Amino acid sequence: MPSIDIDAFMKDRAKENTRLTINKPKKEMRYSQINPNEPDDGVDIRFSHVHLYVDGVCELSAYKELEDSLNLFQKNYDELTTGEGTDEVNECGQLNVDVGRQLWQSITKQNMYDGTSVEHFASHGRDVVKQLIAGFGFRVTGCHATSHTSTVVVTSKDPNGIQIVVSAMARDGENDVDVEEASAAEEDNDYHHFDPSNITRFFQAHSDRQGIAVLAFEVGHDLEDIFRRYAEHHPDLVPKEFKNGPVVYDNESRIFEVFAYYKGEKGTSTADKGTILRFIEPIVGAANTFRLPGIVPVDASFSNCHPAFFDHWVSNVISRTGFLDTLKDTLYFTPKVDFNAGVVAAGEAQIESTVTGNTSSLNAEDGSSALSDQSQIYLPINNAITRVGHVHGFLEEIGQGIQHIASRVDDIISFVQEANDRRKIFGEGFKFLNIPRSYYGVLTKEMIRKGLDNIKDSSGNKSDDVLSLECAHAIFDVCAAEGILLDDASVDLDISGSTIQTILDSKISLDHKEEYLQNREEVVEIILHSRYVNLYNLLKNHLSEQSYIAIVRNQILVDVQTDDLLFQIFTSNILQRKPQDEAPFLEFIQRVCSECLGPDGCPKKVKPGCGGFGIRNFLTLFLSIEVTKAMLAASNAKRDGKMNEYEFAKRKVQLFTDQLNESNPLLTEISEAMTKEGVARDKMMLAYREGKKENAKVWGKVMEKEAAAKSLANDLLMECNMKYQRLMRELRESREQEGIFR
């Protein structure tokens, strides 16, 4: 990704009053509540690995054969394409898909593309290990096998980055192993975490669905304390195997496991025996390079792979407050961000969410160190407050569990571009959630009339309109009629300026042709600029046009928190057997940390988690999940000739898109107030610590003022959400009255 001049970006933001988004903790702190001497309790903890339980794991040789073919492909592709492209072509990591397909077909001796569009790639029914290998360039770097279970470890090229452990019941030839026999067998297994009973227990608790079964953390010298606190405060969450304390694996590590959630409210319900939290304390001097004891290293060659590092792990639960309290009691985690009832909504679906975690002591020297840091733990926790939508459906179909795993990469534009190209070339990998084009920008008649300078200038100093309203309407109508615009008024990403000009030259009416020709160059530029106008209003000239287009094409989300940037993208469901099953997914993000100077003239230290958890992107994620489901329903209905269902699904997509468009300015107001509130809070705390109590009171009043502004915008957002809740309910009820039930 091209480097972003953060300092210049911030100067432009201040000068132009660009509206930025921020997500700060929503807890309002009054002057009287501050206690600067309060101890900072904490656990020496960091991300370790996630453990997936799946239907099946292939023989190691099958994965290595795939890796070898992919490495050969990359070698031959590089030789074929060296010197063919310009720097611009390679800037965003784009591959030549046509060349790649021919090359891959010659290597595999398979014709994968006979009349099949790559857009029909199905995410369900796939081997997640092969998806990770082919889609992201990850490799199998470790394994473990017993007579009843098979396990592989998948990582990116940085051994200190993410570790994804994948386990399944072993297979005897073509036959699955007998579950009862496997569950009772322990004779060849020295490691409890590879025992087949764990897999059967998880599947029983999760409606026989595959899933992300274990969240694992590495701890320092705190393992006994964690055990003691669980035993004292939450004994029902401690499995019988760990009632006497951590299990010791000589010369490797000590492990303690607990059930993550209660079935309902804590204190009044029993443990949910699905998801596990695993705590690992390495033994000093241990030789094993893997975090999980028992894993045997496997040789791996990485041909083209971005390093990836865990960022946050998200749960869907029955009792959000109960899980928050449990983590506070045992790990001293505290809430960082709250998305209260009514803030995150999509039609009739509404959720609440809180991001909890530790307070890492890391102050990185640079963004690279912040990228690879695993000491800042963030655990977002969702609960449904309506009986519709993804979170409710997840809980109903599967039960409580891990919704998604988020990981950081160093260059998300090229990471996602390569992943999309790999899927098209190899027929394996990942698709990503559909984001409405209105998130990035659509063409309007007003944009054409106002001209490019007015569109780009947010200072309030407006120049005269470029075109008459009538001419702007005529140009817009030609764009719509001739295919320059798609159905949602967004401009085709593949159309060129010369093609637009040719169409307008030949199709514009004589009444407006002279006015159009006088401004032709600017009109074409406006049309092209509309493809990413909303992003440009955030980032201005700090990205190239090609990078902007790559972001739009690959449906990457962008948010801004003061002087930090946050890029995000979400895969379609993984571990999914049937197309419409609820299932977990993956998220990848890039946090571009500010490079500002401190009072001493030296670069400020980089705090982990820069870029926050953008409220705009959170709402967009929630809406995009619903949009993706509705688009799939529309596609299936159209394929099956069920036109009533097709029209219903299309209307749902439109309502979700309208809700996003109407919410955006309100989200900006909330974010702006949160920015000012956060600054005031910091200044208030600093003044208090310096003994300047009067200054602290002044900043306390500023904080309260901005909190009130935030609250007002939040109320308006809730009104907006209630409006679309009503519209979606009316749509559903009208459909039910017609006798077409969901």
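The values are calculated or read from the model by the stated rules, or taken from the named source; none is laboratory data. Since we're looking at a predicted model, the values are computed, not measured. Cβ sites come from the backbone with ideal geometry, for glycine too, and all protein chains shown count toward neighbours. The protein model used for the area step is the full one, side chains on, heavy atoms only, and it has no ligands, DNA or RNA in it. Shrake-Rupley method; radii C 1.70, N 1.55, O 1.52, S 1.80 Å.
Counting the residues of region 381-427 that are farther than 25 Å from residue 204 by Cα and either acidic (Asp, Glu) or part of a strand (DSSP E or B) (or both) gives 8. Looking at 294, 245, 267, 274, just one residue is buried (at least 22 other Cβ atoms within 10 Å of the Cβ) and either of a type in the set (Val, Ile, Thr) or out of contact with any Leu (no Cβ under 8 Å at 6 or more places or on another chain) (or both), and that residue is 274. State whether the residues of region 490-497 include one that is farther than 30 Å from residue 409 by Cα and of a type in the set (D, E, K, R). Scanning region 490-497, I find no residue that is farther than 30 Å from residue 409 by Cα and of a type in the set (D, E, K, R), so the answer is no.
The residues in region 134-161 that are of a type in the set (A, V, I, L, M) and within 22 Å of residue 72 (Cβ to Cβ) can be counted, and the count is 4. Only a single item in (1) part of a loop (DSSP other than H, G, I, E, B); (2) among the acidic types (Asp, Glu); (3) touching a residue at least 40 places away in the same chain (Cβ under 8 Å) is not met by residue 464, and it is number (3).
Any residue at all in region 271-279 that's touching a Lys or Arg at 6+ places or on another chain (Cβ under 9 Å) and more than 26 Å from residue 204 (Cβ to Cβ)? No. Pairs linking a residue in region 272-287 that is within 25 Å of residue 197 (Cβ to Cβ) to a residue that is among the acidic types (Asp, Glu) and at pLDDT 85 or above, with Cβ atoms under 6 Å and 6 or more positions apart or on different chains, are 276/257; 278/257; 280/218. Filtering 719, 704, 736 for residues that are surrounded by fewer than 18 Cβ atoms within 10 Å (Cβ to Cβ), more than 28 Å from the chain's Cα centre (by Cα) and at pLDDT 90 or above leaves a single hit, 704. Among the residues of region 338-349, those that are among the small types (Gly, Ala, Ser), surrounded by 20 or more Cβ atoms within 10 Å (Cβ to Cβ) and part of a strand (DSSP E or B) comprise 345, 346, 349.
I'd like the residue in region 481-531 that is closer than 29 Å to residue 550 by Cβ and basic (Lys, Arg) and, out of all such residues, is surrounded by the most Cβ atoms within 10 Å (Cβ to Cβ). Of everything passing the filter in region 481-531, 531 is surrounded by the most Cβ atoms within 10 Å (Cβ to Cβ). Which residue pairs have Cβ atoms under 9 Å apart, sit 6 or more places apart or on different chains, and have a first residue in region 231-245 that is within 15 Å of residue 278 (Cβ to Cβ) and a second that is among the polar types (S, T, N, Q) and part of a helix (DSSP H, G or I)? Once the first residue is within 15 Å of residue 278 (Cβ to Cβ) and sits in region 231-245, its partners that are among the polar types (S, T, N, Q) and part of a helix (DSSP H, G or I) give 237/326; 237/330. Within this structure, residue 182 fails the test of being surrounded by 14 or more Cβ atoms within 10 Å (Cβ to Cβ) and either within 32 Å of the chain's Cα centre (by Cα) or modelled with pLDDT of 95 or more (or both).
Against the criterion of being under 18 Å from residue 552 (Cα atoms) and surrounded by fewer than 20 Cβ atoms within 10 Å (Cβ to Cβ), residue 410 does not qualify. Residues that are of a type in the set (S, T, N, Q) and at pLDDT 95 or above within region 147-179 comprise 149, 150, 151, 155, 156, 163, 167, listed in sequence order.
Note on region 621-634: residues that are within 13 Å of residue 647 (Cβ to Cβ) and surrounded by fewer than 21 Cβ atoms within 10 Å (Cβ to Cβ) amount to 1. The set of residues in region 654-697 being under 13 Å from residue 439 (Cα atoms) and among the small types (Gly, Ala, Ser) consists of 663 alone.
Here residue 142 passes the criteria (1) open to solvent by less than 10 Å² (accessible area, probe 1.4 Å); (2) part of a loop (DSSP other than H, G, I, E, B); (3) touching a Leu at 6+ places or on another chain (Cβ under 9 Å) except the one numbered (2). It is to be established whether one or more residues within region 327-335 are within 19 Å of residue 51 (Cα to Cα), acidic (Asp, Glu) and over 23 Å from the mean Cα position of the chain (by Cα). Scanning region 327-335 turns up no residue that is within 19 Å of residue 51 (Cα to Cα), acidic (Asp, Glu) and over 23 Å from the mean Cα position of the chain (by Cα). Which one of these does residue 696 not meet: (1) at positive phi; (2) crowded, with 17+ Cβ neighbours inside 10 Å? (1) is the only condition that residue 696 fails. Looking across region 321-351 at every residue that is at pLDDT 95 or above and among the acidic types (Asp, Glu), the one that is farthest from residue 627 (Cα to Cα) is identified as 329.
The set of residues in region 328-337 being in a helix (DSSP H, G or I) and out of contact with any Phe, Trp or Tyr (no Cβ under 8 Å at 6 or more places or on another chain) consists of 328, 329, 331. Of all residues in region 322-331, none are touching a Gly at 6+ places or on another chain (Cβ under 8 Å) and open to solvent by 10 Å² or more (accessible area, probe 1.4 Å).
Being acidic (Asp, Glu), in a helix (DSSP H, G or I) and under 15 Å from residue 226 (Cβ atoms) is a description that does not apply to residue 325. When residue 318 is tested against (1) at pLDDT 95 or above; (2) closer than 28 Å to residue 143 by Cβ; (3) open to solvent by 50 Å² or more (accessible area, probe 1.4 Å), just one condition goes unmet, and that condition is (2).
Selection of first residues in region 119-139 that are farther than 20 Å from residue 581 by Cβ and of a type in the set (S, T, N, Q) and of second residues that are open to solvent by less than 10 Å² (accessible area, probe 1.4 Å) and at pLDDT 95 or above, restricted to Cβ pairs under 9 Å at least 6 apart or on distinct chains, gives an empty result. Report yes if some residue within region 670-684 is among the β-branched types (Val, Ile, Thr) and open to solvent by 70 Å² or more (accessible area, probe 1.4 Å); otherwise report no. No, region 670-684 contains no residue that is among the β-branched types (Val, Ile, Thr) and open to solvent by 70 Å² or more (accessible area, probe 1.4 Å).
Reported count of residues in region 434-451, each being surrounded by fewer than 23 Cβ atoms within 10 Å (Cβ to Cβ) and farther than 30 Å from residue 520 by Cα, is 1. A single member of 208, 236 is touching a strand residue (DSSP E or B) at 6+ places or on another chain (Cβ under 6 Å), modelled with pLDDT of 95 or more and more than 21 Å from residue 292 (Cβ to Cβ), and it is 236.
Taken over region 294-322, the criterion of being in a strand (DSSP E or B), closer than 23 Å to residue 360 by Cβ and not hydroxyl-bearing (Ser, Thr, Tyr) is satisfied by 308, 309, 310, 311, 312, 313, 314. The single condition from (1) surrounded by 20 or more Cβ atoms within 10 Å (Cβ to Cβ); (2) over 19 Å from residue 730 (Cβ atoms); (3) not β-branched (Val, Ile, Thr) that residue 648 fails is (2).
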